[in-house]
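Colleague: What follows is a single structure, and I will ask about it in a moment.
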């Protein structure tokens with residue numbers, strides 16, 4: 001498990017969120033989101049800047065344009081999606097990747113639990 | 001791998017030519033097929049822990065299962081990856097009492113410090129639809145290099161109404177090695193073992209009896225990431241082919257009949273926080289020991305059930321359960337006619353259970369139980385004083401795997417596992433006490449194996 005996700009780091013992450021202002025997802029729990037990330041996402045994604053795995057790094061993903069990492073080999077569908085990863089867009093994509101970006105290559109069925117999605121977004125918002 | 005295991009190989013050597021199909025399993029012993037292929041990590045951009053529980057092969061996570069069923073072709077989209085890896089495992093083997101004879105000319109009767117195997121792999125994707133892993137292995141105990149496991153695949157995945165449907169072909173050289181779960185003999189616990197420890201003589205033919213000595217082609221499908229089905233057939237390699245692969249003419253098991261078949265069905269569910277599978281399989285083989293049709297054939301019909309469960313959670317605490325049961329019906333017409341079996345009809349059952357806990361993808365503890373039971377036959381099981389193939393025991397292993405995780409030193413090139421394994425027998429080749437008529441007890445073969453396993 002990534003050290004970043006350990007429970008002891010939650011207050012630090014939360015403080016960062018508060019100080020950062022504005023980017024935090026208001027209702028999500030960052031620590032629970034870290035656990036969701038570890039369970040659902042961490043095999044293929046890192047939140048370390050510049051650390052791509054099978055999927056691109058999700059460091060500072062909120063507000064980023066889709067397919068904007070020049071070092072990552074995106075699918076044509078993702079490149080042509082024209083998306084910007086707002087909270088709503090990211091929520092929709094994580095919830096149903098194949099519907100949001102048909103032809104994309106992320107092999108993930110989607111996260112249907114609304115509470116987990118909210119927590120995950122809070123965690124991702126903290127990664128900047 | 002078969003030729004690393006002198007435990008069964010040594011025990012089988014006496015009657016190797018008498019019952020090839022039964023003695024080849026002896027070569028498999030408990031030196032299981034060690035496998036760790038960092039070139040796959042480099043190809044996919046993944047950390048080792050993505051595919052392997054504890055960050056070191058071969059126990060697969062759900063992601064690893066899907067990677068294998070996808071024909072080893074998944075990648076991070078970047079080209080120019082070199083599909084080469086290497087691996088070495090060695091250790092100190094101590095048995096409760098010294099063995100009667102040294103396992104090989106290069107070893108002693110006890111406390112052997114041995115390079116159990118050093119392998120090179122050609123492992124990776126050739127195209128979007130074709131991938132392979134091929135392993136060549138040097139065994140230090142007998143100073144030999146030979147072809148080890150090989151599996152080449154062609155796979156295509158279609159999406160129908162949002163559902164993935166994978167079709168694949170696998171060309172391989174060991175029955176069962178193509179399976180994606182760690183329940184069947186080739187990839188089950190213990191995942192590594194001493195090449196110079198004693199081991200039980202008997203095992204079903206599907207448990208290593210033909211490994212690396214055949215060519216198999218199977219077709220499989222994986223539907224909706226849940227339903228797995230496979231059908232295949234096998235042909236023998238000729239003595240000349242075995243010789244050229246470094247396996248030796250003397251290891252020729254005989255000629256497989258054209259009706260030799262393998263089938264497999266399983267249900268798999270990846271729930272992210274956990275995963276499980278339930279399955280069944282069958283292997284039917286007719287083996288002509290003469291190889292030229294001049295004798296009858298021995299017939300084997302193996303039926304198996306298997307299941308596994310993994311609690312994965314956030315991957316900080318991982319627990320796994322694996323179980324398999326194989327029931328073998330034997331029709332030993334050729335062996336009985338040659339006087340190598342008293343009866344033409346026999347059976348052999350094999351049960352394997354194990355449970356593991358892994359903390360922080362680093363510290364592992366596994367306990368396994370194995371049981372082999374079968375019908376008595378004094379000629380067939382000549383090493384047993386009462387003609388029984390029965391053996392049973394426990395394997396306890398603890399290990400430390402410091403790397404293979406995100407941010408690990410040298411990732412994904414540097415991989416290391418250090419472990420301590422203890423095997424305790426409560427029955428060995430038919431009895432707890434004096435199993436061979438020479439005063440040896442099952443517990444005399446209790447083994448401590450301290451190993452270092454690395455790959456890059």
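Values in this text are rule-based calculations from the coordinates and carry no lab data. Treat the numbers as computed from the prediction; the structure is a model and nothing was measured. No Cβ is skipped: glycine too gets one built from the backbone with ideal geometry, and neighbour counts run over all protein chains shown.
Colleague: Hey, fewest Cβ within 10 Å first, where do B:220, B:359 land in order?
Modeller: By the 10 Å Cβ count, ascending, the order reads B:359, B:220.
Colleague: Pairs of Cα atoms under 8 Å, at least six residues apart: use those to get the relative contact order of chain B, whole percent.
Modeller: Relative contact order comes out at 15 percent.
Colleague: Between the range B:92-145 and the range B:308-365, what is the C-alpha centre distance in whole Å?
Modeller: Between the Cα centres of the range B:92-145 and the range B:308-365 lies a distance of 21 Å.
Colleague: Still on this structure, please answer the following. When you look at the Cβ of every residue in B:306-315, what mean number of other chain Cβ atoms sits within 10 Å?
Modeller: Counting Cβ atoms of other protein chains within 10 Å of each residue's Cβ and averaging gives 3.
Colleague: Using a ≥ b ≥ c from the Cα gyration tensor of the range B:164-272 (square roots of the eigenvalues), is it rounded, prolate or oblate, where a/c under 1.5 gives rounded and otherwise the larger of a/b and b/c decides, a/b for prolate?
Modeller: Oblate.
Colleague: Working out 0.36 nm times the residue gap between residue B:156 and residue B:110, then minus their Cα-Cα distance, what length gain in nm do you get to one decimal?
Modeller: Extra length available between residue B:156 and residue B:110 comes to 11.5 nm.
Colleague: Within a 10 angstrom radius of the beta carbon, how do B:174, B:107 rank from fewest other beta carbons to most?
Modeller: Exposure proxy ranking, most exposed first: B:107, B:174.
Colleague: Between residue B:258 and residue B:360, what length in nm is gained on full extension when 0.36 nm per residue of separation is reduced by their alpha carbon distance?
Modeller: Answer, rounded to one decimal: 31.9 nm.
Colleague: Can you pull the mean other chain C-beta count within 10 Å for peptide B:156-163?
Modeller: So the per-residue partner count for this stretch is 1.
Colleague: Order B:162-169, B:443-450 from most to least packed using the mean count of other Cβ atoms within 10 Å.
Modeller: Top of the packing list down: B:443-450, B:162-169.
Colleague: In nm, to one decimal, how far is the modelled label at residue A:105 from the one at residue B:367, with both set 7 Å along Cα→Cβ?
Modeller: 4.5 nm
Colleague: If you don't mind, another one. Sorted by packing (mean other beta-carbon atoms within 10 Å per residue), highest first, where do B:70-80, B:189-199 land?
Modeller: B:189-199, B:70-80
Colleague: While we're on this one: Give, in nm to one decimal, the length gained when the segment between residue B:432 and residue B:229 is fully stretched (0.36 nm per residue of separation minus the Cα-Cα distance).
Modeller: Gain in length upon complete extension: 69.0 nm.
Colleague: At what distance in nm do the modelled label points of residue B:241 and residue A:96 sit from each other, each positioned 7 Å from its Cα along Cα→Cβ?
Modeller: Going from the residue B:241 label point to the residue A:96 one covers 5.1 nm.
Colleague: Once the Cβ-Cβ distance between residue B:347 and residue B:165 is put in as r, and R0 is 30 Å, what FRET efficiency do you end up with, to the nearest 0.05?
Modeller: 0.20
Colleague: Here is a follow-up. Treat each spin label as a single point 7 Å out from the Cα along the C-beta direction, and report the residue A:71 to residue B:273 distance in nm.
Modeller: 3.4 nm
Colleague: Going by Cα centres, the range A:86-101 and the range B:208-246 are how many Å apart?
Modeller: What the calculation gives is 42 Å, centre to centre.
Colleague: Something else about it: Over the whole of A:104-111, what's the average partner chain Cβ count within 10 Å per residue? Rounded to a whole number, please.
Modeller: The shielding value for this peptide is 2.
Colleague: Something else: What whole-number distance in Å separates the alpha-carbon centres of the range B:385-408 and the range B:49-72?
Modeller: Taking the Cα centre of the range B:49-72 as reference, the centre of the range B:385-408 is 19 Å away.
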